[in-house]
1. Which is within 21 Å of Trp290 (Cβ to Cβ), open to solvent by 30 Å² or more (accessible area, probe 1.4 Å), in contact with a Ser or Thr (Cβ under 8 Å, 6 or more places away or on another chain) and among the small types (Gly, Ala, Ser), of Ala439, Ala446, Ala352, Ala358?
2. With respect to Ala300, determine if the residue is open to solvent by less than 10 Å² (accessible area, probe 1.4 Å), farther than 20 Å from Ala173 by Cα and in contact (Cβ under 8 Å) with a residue 24 or more places away in the chain.
3. Kindly indicate which of Tyr127, Tyr81, Tyr70 is in contact with a helix residue (DSSP H, G or I) (Cβ under 8 Å, 6 or more places away or on another chain) and not in a loop (DSSP other than H, G, I, E, B).
4. Counting only residues that are surrounded by fewer than 17 Cβ atoms within 10 Å (Cβ to Cβ) and without any contact (Cβ under 8 Å) to a residue 60 or more places away in the chain, how many does the stretch 116-140 have?
5. Need the failing condition index for Met234 against (1) over 19 Å from the mean Cα position of the chain (by Cα); (2) under 25 Å from Gly434 (Cβ atoms), just the number.
6. Just checking, which of Asn264, Asn210, Asn238, Asn200 is at pLDDT 95 or above and at positive phi?
Amino acid sequence: MDIMTGNGDQRWDEHVEQWRRERVAADYERIPPRRAEYRTSSGTKVKDIYTSADIRDSDPETDIGLPGEYPFTRGVHSTMYRGRPWTIRQVAGFGQAEDTNNRYKYLLDAGQTGLSTDFDLPTLLGYDSDHEVYRREVGRIGVAVDTVVDMHALFDGIPLDRISTSLTINPSAAVLLAMYRVVGEERGFPGHVLTGTTQNDILKEYIAQNEFIFPPEPSVHLVVDTMEYGADVMPRFNPLNVCGYHIRDAGATAVEEVGLTLSNALCYMEKGIERGIDPDRLAPRVSFFWNVHNNFFEEAAKLRAARRLWARLTRERLGCKDPRSWLMRAHCQTSGVSLTAQQPYNNVARTAIQAMAAILGGTQSLHTNSLDEALSIPSESAIRIAVRTQAIILHETGAADVVDPLAGSYYVETLTNQIEEEARSLIERVDGMGGMIGAVESGYAAQLIADSSWEQQTRIESGDTVVVGMNDYIDENEQLDIEIDRPVPGVMERQMARLAEVKRTREGRRVSAALGAIEKAAPDLHHNLMPLIEDAVRARATVGEICDVLRGVWGHHQPSTVF
């Protein structure tokens, strides 16, 4: 039969349309559709069915291809999880270094295979724990780190030559990266054996998370410093983890997450090229961090589209010749903003579904959120369930047994194509503003996210978007019977005492000389500051002291307000 054998595209298209007019229309007359129209979270209209006609313009060889081959739509490795499972990397960070170190060891015993660290607000913003304003935040939303002494305590007993570590920090990332290398060397682990990443994506801070210190231009150059430094002394470590996660959790759509994140990555790479750095020195150690939200198929397609688009941009736009430069290495985290304080056990289901989307999308590393994260820092019992969720997917579902099992799905391939096309269009709009720094300074990027956030919230409040347990399926008699993690008492006092002791016992002249060298070099944005920052770290200079020197030279960023 011609229709079934595909003999004649026109004949098949006519058959599909006839089916819609007759069979589907009749069924809808009997049982009306649940909604007037269906759309993805990015606003893409979803048809009732997808057929070969929807991907007729795609070339199976050049657009979809094979895993481990350009353009890597189907994954960066040929065998994917059959040979190497994704890294199970739960984030931890609270109290003093010893508190988080104990959580690390608990997680490793529970089956985690990589570490991820959240830092407290003073550390993130480049202040010390004894700062008059920020001392109240010591150890509350992450771990307190003032000097390399704290970093030593943070990783006490952790085999840094075998465990990959992610440092979730941005404005002061250069200092923490230097600390990590110094800790490694002082414990006998040279830089070339260290693996992991610093987030270090300062551009997304200006448009989404709002944790920044310096103006955009010197901040971007400092990121490039870390990229060049990493290539020289920590060749297996990723100094830059370009982060779409916070862009998405701030309210961006899946398309905007891809477009803005890749625009950030292009900005860092092109600033490096302007300095005369070979892009193939930098690109292989750029990694990415993606949010995985509730729209299952769109999220899997998003990862496939982002991977393909990055491969094309690095080869065609940046001129990278090394195939390793074309790879998008991805860490994913399930969506924090999708979790609800109401009926928190529902979050286990949300997290499991989002985790499956990340795995079917081809992630290399995954954090699964805990059921109580809308209420507090995760408890140990909740975080164990989150870790076990990944183990169940890996060992019990079969999802990891086939490489890119969604490939060839008419719907998934159509979404992949649409997301790539629309994200490329957004990148071109950002280019027209002078790149991502221009989009930050003009307020365009922040406004784009704010508008999308407003639209999503409006749909939730109107009931057009159902959030189970929050605006529908509500339980008026709900009893909250879960364990809430409480802040560790006395952290501020103990941390301030440790900081005072470090300052008392260090060599003051050595610290002053190291800070003076940074101050002298900082006005030249093409001068790599990382060796000087490392010298200051070795001398036991503090995060706040190093960042204060740079504040004195570069100033503090004053953002345009977006309502």
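1. Working: Ala439 fails: open to solvent by 30 Å² or more (accessible area, probe 1.4 Å); Ala446 fails: open to solvent by 30 Å² or more (accessible area, probe 1.4 Å); Ala358 fails: open to solvent by 30 Å² or more (accessible area, probe 1.4 Å).
Within the list Ala439, Ala446, Ala352, Ala358, the selection yields Ala352.
2. Values: open to solvent by less than 10 Å² (accessible area, probe 1.4 Å): yes; farther than 20 Å from Ala173 by Cα: yes; in contact (Cβ under 8 Å) with a residue 24 or more places away in the chain: yes.
In short, yes.
3. On the way: Tyr127 fails: not in a loop (DSSP other than H, G, I, E, B); Tyr70 fails: not in a loop (DSSP other than H, G, I, E, B).
The conditions single out Tyr81.
4. Total meeting the criteria: 2.
5. For Met234, the exception is condition (2).
6. On the way: Asn264 fails: at positive phi; Asn210 fails: at pLDDT 95 or above; Asn238 fails: at positive phi.
Of the residues listed, the single one that is at pLDDT 95 or above and at positive phi is Asn200.
Yes/no per residue for (1) at pLDDT below 95; (2) at negative phi; (3) in contact with a Cys (Cβ under 9 Å, 6 or more places away or on another chain); (4) of a type in the set (Asp, Glu):
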site: Asp59; (1), (2), (3), (4): yes, yes, no, yes
site: Val76; (1), (2), (3), (4): no, yes, no, no
site: Thr79; (1), (2), (3), (4): no, yes, no, no
site: Trp86; (1), (2), (3), (4): no, yes, yes, no
site: Gly93; (1), (2), (3), (4): yes, no, no, no
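One line per residue, one yes/no per condition, for (1) out of contact with any His (no Cβ under 9 Å at 6 or more places or on another chain); (2) open to solvent by 30 Å² or more (accessible area, probe 1.4 Å):
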position	(1), (2)
Ile31	yes, yes
Ala36	yes, yes
Lys45	yes, yes
Arg56	yes, yes
Arg84	no, yes
Arg89	no, no
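The values are calculated or read from the model by the stated rules, or taken from the named source; none is laboratory data. Computed from a predicted structure; not experimentally measured. A quick note on method: Cβ atoms are made from the backbone with ideal geometry, for glycine too, and the neighbour counts reach across all protein chains shown. These accessible areas exclude ligands, DNA and RNA; they are computed on the full protein's heavy atoms, side chains included. Shrake-Rupley method; radii C 1.70, N 1.55, O 1.52, S 1.80 Å.
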